[in-house]
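The structure appears below as structure tokens.
The values are calculated or read from the model by the stated rules, or taken from the named source; none is laboratory data. Quick caveat: nothing in here was measured; it's all calculated off a predicted structure. Here the Cβ positions follow ideal geometry from the backbone for every residue, glycine too, while neighbour counts run over all protein chains shown. Side chains included, ligands, DNA and RNA excluded: accessible areas come from the protein's heavy atoms. Shrake-Rupley method; radii C 1.70, N 1.55, O 1.52, S 1.80 Å.
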Amino acid sequence: MQRDAIIKRASDYAQEGELAADLARLVAHRSISQSEGKPEDLAAYLTDEMQPRLAGMGFQTEISDNPRKGGAPLLVATRHEADDLPTVLIYGHGDVCNGEAHRWREGLDPFLLKQEGDRLYGRGTADNKIQHLINIKALELLIKATGRLGFNAKIILEMAEETGSFGLREFFEAKRDALSADVLIASDGPRLAADTPTMFMGSRGGMSFDLIVNLREGDHHSGNFGGLLADPVIILSHAIAAIVDHRGQIQIPEWRPTSLTPDIRAALKDLPPRRHDADWGEADLTPSERVFGWNSMAVLAISAGNIAAPQNAISGSAKATCQLRFVVGTDMAEILPALRRHLDARGFPMVDVRPGRGEAFKATRFSPDHPWVTFVEQSIAASSGKAPHVLPNLAGSLPNDAFTDILGLPTVWIPHSHAECGQHGPNEHALLSIAEEGMRIMTALFLDIAANARRLKTMR
């Protein structure tokens, strides 16, 4: 009966407006780690919101400077209840992308939470403030109801995920003992379907790069010089077309993965349909295989001339910022060298290749057969009444390698967002219905861990 009462309290927290009120305070912090941001706003999110909340829950908290110059601070919170209990590590990031207020629709402000029906609008609502708020609040409900968690917990909050988790890996190397745990249970990214819980155990990697064609100083009259001077925009367009074909299929052999093995295909076979364009992506793959089991390139931005007021002139230069999302099996160190060789072989030595801003994310994938994964899957199925979608990896990118490679942990991610949430763009929003179910799922999961703590401590 106590278990049912705690889970009901978790549901009420979302349904009766408390979650929205807490989230509104978090969204109001302009904790931007990209070009619009200020270092003091990143620090304030930890000192003004997270540290007091966690200290009030009985956690020992410490805010540390980033080990890399110019990096954002990090917070580690620890609650140790007994040596013979398992330790759960929980991760979240309080930084957000640029607000880009001019791109949001009328009536919305990126840093002012607004509820419209099931939707909660604001920067960070989906990525990632509501997600770590749900997990922390679920822990808080257990402590308030029982006076304890029944397991040990550590929480790491960073403020630079949107710039590639700048300095996180160096911090983990230095704090390996302080962050030791038995499992990572965290939340980020979207569900595969809004009405069904999702689990994933890794993520695609992500690397940004710039393609630059710089032929001459200034622009030249398109009539007087048309047909005489090479057009950098046309050259750049053909260079991109040499990397991917007309339907986005990758043409660089080293960028085409070999890790879409029969077991991964089987794991992706019965996933629900995804929004997609039928004539886009690798033709011989299913939509799920394209996004979870394959690599994809995107042109994030392209620049030449002035699109708002074009002149009758041939630009002197052109630039495209691109990104490769890649799966396990892609040699990360060879991505840009392979691109350079490919362009040179196809007659594009004038296209300069430069690494993009921010850190690159490594691709990771963790076994869905691990006992911790099975335990979490069973808990979610029991508390939600739904079999969760289990993915080998997220389509997006996360610093999961810091947990698997440095800390050596099994990693289980349970997202509380949905694919159409608008993250990284205008009108970002969370769904209150997912948040309510997420509160029930996470509260039940932590109750289940407490009830099976000593058995879980022995699982490897």
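Within the set LYS175/LYS362; LYS269/LYS362; LYS8/LYS137; LYS129/LYS154; LYS319/LYS362, which residue pairs have Cα atoms separated by over 23 Å? Table pairs above 23 Å Cα-Cα are LYS269/LYS362; LYS319/LYS362.
DSSP beta bridges fully contained in segment 83-158 are about 35 percent antiparallel.
Sites listed here are GluC sites (Glu not before Pro) in segment 187-284 whose DSSP assignment is loop and whose Cβ has at most 10 other Cβ atoms within 10 Å: GLU217. Secondary-structure-derived ellipticity at 222 nm for the chain, considering helices only, amounts to -9000 deg cm²/dmol, per-run term -39500 (n - 2.57) for DSSP H runs with n ≥ 4.
In the chain, the DSSP beta bridges split such that about 70 percent are antiparallel, to the nearest 5.
For the chain, the carbon plus sulfur part of the accessible surface works out to 50%, probe radius 1.4 Å. Of the GluC sites (Glu not before Pro) in segment 3-36, the ones in a loop by DSSP (not H, G, I, E or B) with at most 11 other beta carbons within 10 Å are GLU16. Under a 5 Å amide H cut-off, with hydrogens placed 1.01 Å from N, MET199 pairs with HIS389, VAL390, LEU391 among residues at least 5 apart or on other chains. Would you give the gap between the C-alpha center of segment 76-109 and the C-alpha center of segment 210-239, rounded to a whole Å? Segment 76-109 and segment 210-239 have Cα centres spaced 45 Å from each other. 3J(HN,Hα) couplings calculated from phi for segment 256-273 with the Karplus curve 6.51 cos²θ - 1.76 cosθ + 1.60 (θ = phi - 60°) are, in sequence order, 9, x, 10, 9, 7, 7, x, 5, 6, 4, 5, 5, 9, 5, 9, 6, x, x Hz; Gly and Pro show x.
Our coupling estimate for segment 186-199, obtained by passing each phi through the Karplus curve with A = 6.51, B = -1.76, C = 1.60 and θ = phi - 60°, is 9, 9, 6, x, x, 5, 6, 9, 4, 9, 9, x, 10, 10 Hz, Gly and Pro reported as x. Applying the Karplus relation 6.51 cos²θ - 1.76 cosθ + 1.60 with θ = phi - 60° to segment 402-413 yields 3J(HN,Hα) values of 5, 7, 6, 7, 8, 8, x, 9, x, 10, 10, 10 Hz, where x marks Gly and Pro. Peptides 289-298, 329-338 ranked from most to least packed, by the mean per-residue count of other Cβ atoms within 10 Å: 289-298, 329-338.
Rounded to the nearest 0.05, what FRET efficiency is calculated for GLN60 and ALA301 with R0 set to 60 Å and r the Cβ-Cβ distance? Efficiency, from the Cβ-Cβ distance: 0.85. Set against the labelled values (1) 23, 43, 24, 9, 1; (2) 23, 55, 19, 3, 0; (3) 26, 58, 16, 0, P(r) over Cα pairs in 20 Å bins from 0, in percent computed from this structure falls on (2).
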